[in-house]
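Q: Starting off with a structure, shown below.
Each reported figure results from applying straightforward, stated rules to the coordinates on display, with no laboratory input. Given the structure is predicted, the values throughout are model-derived calculations rather than measurements. Every residue, glycine among them, receives a Cβ derived from its backbone with ideal geometry; neighbour counts consider all protein chains shown.
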C-alpha cells in the first residue's frame with residue numbers, strides 16, 4: 001500500500017472541535033485537554049486567538065493557554081487570523097502558530113473579512129512576529145478544494161497561496177478540506193502538486209468528514225506521502241463561516257485505520273475513546289464518530305475453547 005512507518009497526528013478537538021459549539025466553562029476545556037494529553041498524541045491545537053464576538057466558544061484563549069505549561073511534553077499550537085491575534089497568542093505563551101488563509105475569496109471574506117490576496121499579504125508580518133519570539137509558523141490553506149459559496153477552487157490558486165506563504169516565512173503548510181467535499185483522486189493530485197512546488201516543506205492535511213470520505217481521503221493522503229494529519233476526538237468540529245460544514249475526521253477512527261494498516265501513530269485508541277467521552281459530556285450531545293458509537297474496537301480472539 002506504500003505506507004510510511006509512522007504518522008504524526010495533531011489533535012484539534014480543543015480548537016476546531018469546540019469552535020461551533022455553545023461555549024463551555026474553561027474548567028471543562030482543561031479537563032478535556034488533560035484527557036487528550038493522556039492519549040499519547042504529541043501535537044495539540046489548543047485554541048484560537050480570534051475575535052470573541054466571531055467565535056464566542058473560544059473567548060477564553062488566554063485562560064486556556066495559561067494552563068498548558070503543565071504539559072511540557074506536548075507541542076502546543078494555536079490558530080490566528082491576523083497579526084493582532086498572533087501578538088495575543090505569543091503574549092499568552094504559545095509560540096507555534098497556524099495562520100489560516102482561505103484559497104477562495106468568497107469564503108475568505110466570510111471568514112476573516114479580507115480577500116485571499118489581502119490575507120496572503122499578512123504572512124510576512126506574522127512570520128516576523130513568530131520568529132522573533134522563537135516560534136514556528138504554519139499556514140493552513142482553507143477551502144483548498146472547494147468553496148461553499150462558489151464551488152471548485154482551481155489548484156493554481158492554492159499553489160499561488162502556498163508558494164507565496166513559504167517565500168514569506170512559513171515553515172509548514174496544511175491543506176484544508178473545509179467543507180468535506182474532496183475525494184481521494186482530487187486530494188492526491190493537489191497534495192503532490194503542492195509538495196513539488198514547495199520542496200523541503202512539511203505539507204499536512206486537515207480533513208472533514210461531511211460527506212463520508214474523510215478516512216478514505218486520509219488514507220490517500222498518507223499514500224501520497226503526507227505524514228502530518230489533523231483530527232478531532234469524536235469527530236467534533238466544523239467551520240462556523242462555511243454553511244453545511246460538519247465535523248473533522250475522528251481521531252479514534254484515524255488511529256484505528258492507520259494502526260490496523262501497520263502505521264505507527266503513538267496514540268492509544270482506548271485513551272482517545274475515554275477523551276471522546278469527556279468531550280461528549282462537555283458539549284452535551286452525542287458524537288458523530290462511528291467507532292465511538294460502536295463502543296470501541298474489536299479485541300483479538302482468545303485461545304479456542306472446547
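Q: Work out, step by step, the length gained on full extension between residue 261 and residue 223: first 0.36 nm times the residue separation, then minus their alpha carbon distance; give nm to one decimal.
A: Details: separation 38, 0.36 × 38 = 13.68 nm, distance 1.14 nm.
Length gained, residue 261 through residue 223: 12.5 nm.
Q: Specify the inter-centroid distance of segment 56-80 and segment 119-148, based on alpha-carbon positions, in whole Å.
A: 18 Å
Q: Using all alpha carbons of segment 129-184, what is the percent of pairwise distances in each 10 Å bin, ordered from the shortest bin to the longest?
A: Going from the shortest bin to the longest, the percentages are 23, 45, 24, 8.
Q: Considering just Cα atoms, how many Å³ per residue does the convex hull of segment 8-287 enclose?
A: Details: hull volume 31.1 nm³, N = 280.
So the per-residue hull volume is 111 Å³.
Q: So, one more: With each pseudo-label sitting 7 Å past Cα toward Cβ, what's the residue 26-residue 157 distance in nm, one decimal?
A: 3.9 nm
Q: Compute the Cα gyration tensor for segment 7-135, then decide on rounded, prolate or oblate, letting a ≥ b ≥ c be the square roots of its eigenvalues: rounded whenever a/c is under 1.5, prolate when a/b is larger than b/c in the other cases, and oblate in all that remain.
A: The shape class here is prolate.
Q: Here's a follow-up. Please list 199-205, 65-71, 214-220, 182-188 highest first by mean number of surrounding beta-carbon atoms within 10 Å per residue.
A: On the way: 199-205: 16.9, 65-71: 14.9, 214-220: 22.0, 182-188: 18.4.
My ranking of the peptides, most packed first, is 214-220, 182-188, 199-205, 65-71.
Q: Which FRET efficiency value, to the nearest 0.05, do you get for residue 117 and residue 270 by plugging their Cβ-Cβ distance into 1/(1 + (r/R0)^6) with R0 = 51 Å? If you can, show how the numbers build up before the last one.
A: Details: r = 46 Å, r/R0 = 0.91.
Working from the Cβ atoms, E equals 0.65.
Q: Would you mind classifying segment 92-210 by shape? Square roots of the alpha carbon gyration tensor eigenvalues, ordered a ≥ b ≥ c; an a/c under 1.5 is rounded, otherwise it is prolate if a/b is larger than b/c and oblate if not.
A: prolate
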